[in-house]
Amino acid sequence: MNTEQNTYNKLIEYIQKYSATLLTTEDQELIIELVKLKKYRKKQYFLQEGEICKYSAFIVKGAMRQYRVDDDGKEYIINLFLENWWVTDRESSVMLKPTIYNIDTWEDTEVLIISQADMFKLMHIPAINEVINHLDTNHSIAMQNRINNTISLNVIDRYNKLAETYPEFLKRFPQHIIASYLGITKETLSRVRSQKS
């Protein structure tokens, strides 16, 4: 099996994992026909502020981040993404309005991208609808938990919760990105980490 076929199989396996309905051979062929393998170098944009998001991406290998930049050039991390995660700006793609975010790669990254138009072509496949429902539910729960943690936990508990929920983030992203994700300064994060040592 060639490397590219193996890459597509990761997406098929992901869909099968999160759906009770099996994909038919025809379903799999259509999915493979509509998604495209794309490779990004580190710090290359998937989406830039002001663009309309036209694609969703399934991360096969690598890490990405979604963030805003204020008028002073300070970055605010909205989300971090790793392998087997989907990346898009839902508001921009659904409302067809320019995004207020940037999404770029933090490592050399391989993704399978699909246009929003092609995604609609897959909606008749029951397994795809199950996966989309799973993603919507998980996204909603994750955002609720993140808001709750930010407003109700102290800095140490926030860090501990992140380490417990997403330990891979701490290995793959540098301290300034983790600090921004937690809504704290890099210096505060250093103090928290030194207290844990």
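Observations on the structure shown:
- One residue stands out in the stretch 75-105 among those that are of a type in the set (Phe, Trp, Tyr) and without any contact (Cβ under 8 Å) to a residue 60 or more places away in the chain: the one that is surrounded by the fewest Cβ atoms within 10 Å (Cβ to Cβ), namely 85.
- In summary, strands (runs of 3 or more DSSP E) completely within the stretch 43-150 and bearing 3 or more residues that are modelled with pLDDT of 95 or more and of a type outside the set (Phe, Trp, Tyr) occur at 55-61, 64-69, 75-81, 102-105, 109-115.
- In the stretch 28-48, the residues that are at positive phi form Cβ pairs under 7 Å with partners that are of a type outside the set (A, V, I, L, M, F, W, C), at six or more places apart or across chains, as follows: 43/104; 43/105.
- For the stretch 110-133, a residue qualifies if it is within 21 Å of residue 172 (Cα to Cα) and more than 12 Å from the chain's Cα centre (by Cα), and the qualifying residues are 110, 112.
- Among residues of the stretch 4-22 that are free of Cβ contacts under 8 Å to residues at least 60 places away in the same chain and within 20 Å of residue 82 (Cβ to Cβ), those with a Cβ under 7 angstrom from a residue that is aliphatic (A, V, I, L, M) and crowded, with 17+ Cβ neighbours inside 10 Å, sequence gap 6+ or separate chain, pair up as 12/23; 12/31.
The values are calculated or read from the model by the stated rules, or taken from the named source; none is laboratory data. Everything numeric here is computed off the predicted structure, so don't read it as measured data. Using ideal geometry, Cβ is built from the backbone for each residue, glycine included, and neighbour counts are taken over all protein chains shown.
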